[in-house]
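Undergrad: Below is one structure. I have some questions about it.
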Protein chains: 2
Amino acid sequence: MDDRAIGVFDSGMGGLTAVRELIRRLPGEDVVYFGDTGRVPYGGRGAETIIKYARQDVAFLRGFDLKAIVIACGTVSTTALDILTRENAPLPVIGVVEPAARAAVAATRTGRIGLVGTKATIASGAYERTVRRLMPQAVVTARACPLFVPLVENGRYQPGDPLVELLVAEYLAPFREAEVDTLILGCTHYPLLRDAIAAYLGPGVTLISSGAACVDTVARLLEERDMKNAKAQGGEHLYFASDSAQDFGVLGSVFLGQDIQGQARQVAIENY
Amino acid sequence: MDDRAIGVFDSGMGGLTAVRELIRRLPGEDVVYFGDTGRVPYGGRGAETIIKYARQDVAFLRGFDLKAIVIACGTVSTTALDILTRENAPLPVIGVVEPAARAAVAATRTGRIGLVGTKATIASGAYERTVRRLMPQAVVTARACPLFVPLVENGRYQPGDPLVELLVAEYLAPFREAEVDTLILGCTHYPLLRDAIAAYLGPGVTLISSGAACVDTVARLLEERDMKNAKAQGGEHLYFASDSAQDFGVLGSVFLGQDIQGQARQVAIENY
């Protein structure tokens, strides 16, 4: 048993979709979440900047007594996982790439797998490398969707919203053409767009949420290493953000599916 | 005569539309530009965060010997102008609000003036207060366009782009209804969308670029105070950004209308 908390971070609100799954699957675990809402989005920035920001995010989280760090951010997972793993050893650092790639390989029947993510995520090639390692015959079609994060962070993700429908159709057309049967949502903001994406691609395409896949890996790791919290329920959840705590509470409640207004606190992340 | 440089800053690339005008109007002036591309966009963030970032931007610029600071950013101009003016006196700090409001009041025939800007700009009410002070009978219709900056920063502003047309129509419909004859583009990113906006609103609506209006004020100030550069041509222009200098050079060349690739340098703005 290990009663230390799990640290989770993301560029903004998106990682809360992974926390939601974490709380559902592991309700006894204590969680500390940091969302870098003062500097979101990460996905269009240069690798050097993303690495700098990710190090600061981790430095803040490590002020807590942690048993694992979850990178609930596709951009950081594809750009800085190796660096963060090395710098924080032996603390386990879990990204979204390997779990989502495994889930996609398990789900596909045809080997035609699609990937959507931020510019930085697609440019890294990290998902393709991992999928091909697990399934050499896989054919991966990848596309950057740089406006999905601003869309979601502005609360625009409902199916039926003409803007959402237009962007979904524009970004996802190549996946229809490539006849993928599985699509990796390689950014933790994208599950908010799941209904719109599913409506466009149809029921024949399995959507893999990278955040949810990542939580599977966390659950297995805690099980294997006998590191679960002694509590089976009632884990404590702390929320921090680098922009207004009040704004985080309002939109974060939507992402998380439960009311956390008044619970978040603000952090001067550039001091870490 | 005063050979010191003019410092200009913005949250990202948008302020380069003002620099373009500055270079055209005052070709002998030396200019130092800082674009906070590592933390763009500002417009959806809380006021406290915007003020913190703006102070750092100014602190960086003040490392140069300046005769004036231009806030080429609607969000900072509406949120932090008073603070920056006070903290940097007697150095003149010129924002975009008063110049654009003056230009709009001079242009309108009906007194029905429209305003588009970021969330923070619209929430501040700064433009409306200034317009009403100059023209008490003016009727101001204001609307936040939170997705215009991500759109432009991702290079999506061409008329004919269905995404651009859809968002322009969505955001600008209230101005057609209100029958404004003048629209203030209250964010320095928006001039890139000028053709698309003009096509939607038609030739009867005068578009006021806040950056260009601001440059009028700078030119008048230098004239009045006899602070022009001794050079009539050949001013030096330095470009700095907080994210990748290379990326800044590529997209910045489009915003500026001249090739600055290889000229920009990167700054760790959080250290200021």
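Derivation of every value follows stated rules applied to the coordinates shown; laboratory data play no part. Predicted, not measured: the structure shown is a model, and the values here were computed from it. Cβ coordinates were reconstructed from backbone atoms using ideal geometry, including for glycine residues, and neighbour counts include every protein chain displayed.
Undergrad: What FRET efficiency comes out for the pair A:Arg25/A:Asn154, r = Cβ-Cβ distance, R0 = 25 Å, nearest 0.05? Walk me through the numbers on the way to the answer.
TA: Working: r = 29 Å, r/R0 = 1.16.
In this case the efficiency is close to 0.30.
Undergrad: Below 18 Å, Cα to Cα, which lysines can A:Lys231 reach? Residues fewer than 8 away in the same chain don't count.
TA: A:Lys67
Undergrad: What FRET efficiency would be calculated for the residue pair A:Val254, A:Arg129, taking the C-beta separation as r and a Förster radius of 30 Å, to the nearest 0.05?
TA: It comes to 0.35.
Undergrad: Here's something else I'd like to know. Tell me, what is the percent relative contact order of chain A, built from C-alpha pairs under 8 Å that lie six or more residues apart? Intermediate values should be presented prior to the final figure.
TA: Details: 560 pairs, mean separation 78.9, N = 272.
RCO, chain A: 29 percent.
Undergrad: Give me the inter-chain shielding for B:39-49: mean count of other chain Cβ atoms within 10 Å, whole number please.
TA: Details: counts 8, 4, 4, 1, 0, 7, 8, 10, 1, 4, 9.
Other-chain Cβ atoms within 10 Å of each residue's Cβ, averaged: 5.
Undergrad: Sticking with this structure for a sec: Taking 7 Å along the Cα-to-C-beta vector as the label spot, tell me the B:Asp216-B:Ala89 distance in nanometres, rounded to one decimal.
TA: Rounded to a tenth, the inter-label distance reads 2.7 nm.
Undergrad: Helix B:210-224: angle to the longest alpha-carbon principal axis of chain B, degrees 0 to 90, nearest 10?
TA: Between the helix axis and the principal axis of chain B, the angle is about 50 degrees.
Undergrad: Follow-up question, since we're still on this one. Equivalent ellipsoid semi-axes for chain A, as square roots of 5 times the alpha carbon gyration tensor eigenvalues: give them largest first, rounded to whole Å.
TA: Working through the eigenvalues yields semi-axes of 28, 21, 18 Å.
Undergrad: Let me ask something else. Using modelled backbone amide H atoms (1.01 Å from N, in-plane), which distant-in-sequence or interchain residues come within less than 5 Å of A:Ala68's amide H?
TA: Amide H neighbours of A:Ala68: A:Gly7.
Undergrad: From the backbone phi of segment A:21-32, what are the Karplus-calculated ³J(HN,Hα) couplings (6.51 cos²θ - 1.76 cosθ + 1.60, θ = phi - 60°) in whole Hz, Gly and Pro given as x?
TA: These are the phi-based 3J(HN,Hα) values: 5, 4, 5, 5, 7, 10, x, x, 7, 7, 10, 10 Hz.
Undergrad: Enter the Cα centre distance for the pair segment A:160-236 and segment B:162-224, rounded to the nearest angstrom.
TA: The distance from the Cα centre of segment A:160-236 to that of segment B:162-224 comes to 39 Å.
Undergrad: As I understand it, the value is the acute angle between the Cα axis of helix A:162-177 and the longest principal axis of the Cα atoms of chain A; what does it come to in degrees, rounded to 10?
TA: Between helix and principal axis, roughly 60 degrees.
Undergrad: I need to check one value: relative contact order of segment A:97-210, counting alpha carbon pairs closer than 8 Å and at least 6 residues apart, in percent. Before the final figure, lay out the partial values.
TA: Working: 186 pairs, mean separation 40.9, N = 114.
About 36 percent, as a whole number.
Undergrad: Distances in nm, one decimal, shortest first, from A:Asp65 to the same residue in every other copy, taking the label point 7 angstrom along Cα→Cβ.
TA: Nearest first, the other copies' label points are 5.7 nm away.
Undergrad: Sort A:His237, A:His189 so that the residue with the fewest other Cβ atoms within 10 Å of its own Cβ comes first and the one with the most comes last.
TA: Details: A:His237 18, A:His189 32.
Listing A:His237, A:His189 from fewest to most nearby Cβ atoms yields A:His237, A:His189.
Undergrad: Can you quote the Å³ per residue value for the convex hull of the Cα atoms in segment B:90-181, rounded to an integer?
TA: 126
Undergrad: Over what distance in Å are the Cα centres of segment A:31-73 and segment B:93-110 separated?
TA: Here the answer is 41 Å between Cα centres.
Undergrad: Sorted from fewest to most neighbouring beta carbons within 10 Å, what does the list A:Asp247, B:Asp226 look like? The partial results should precede the final answer.
TA: Values: A:Asp247 18, B:Asp226 8.
Sorted ascending by nearby Cβ count, the order is B:Asp226, A:Asp247.
Undergrad: Let's test the formula: R0 of 45 Å, r as the Cβ-Cβ distance of A:Glu236 and A:Val139. What FRET efficiency results, to the nearest 0.05?
TA: Details: r = 45 Å, r/R0 = 0.99.
Efficiency at R0 = 45 Å is approximately 0.50.
Undergrad: Could you compute the net charge surrounding A:Glu87? Neighbours are other residues with a C-beta less than 13 Å from the C-beta of A:Glu87; K and R count +1, D and E count -1.
TA: +2
Undergrad: Restrict the search to segment A:152-257; then list the GluC sites (Glu not before Pro) that DSSP places in a loop and that have at most 14 other Cβ atoms within 10 Å of their Cβ. Before the final figure, lay out each step's value.
TA: Working: sites: A:Glu153, A:Glu165, A:Glu170, A:Glu177, A:Glu179, A:Glu223, A:Glu224, A:Glu236; in loops: A:Glu179, A:Glu236.
Here the sparse-neighbourhood loop sites are A:Glu179, A:Glu236.
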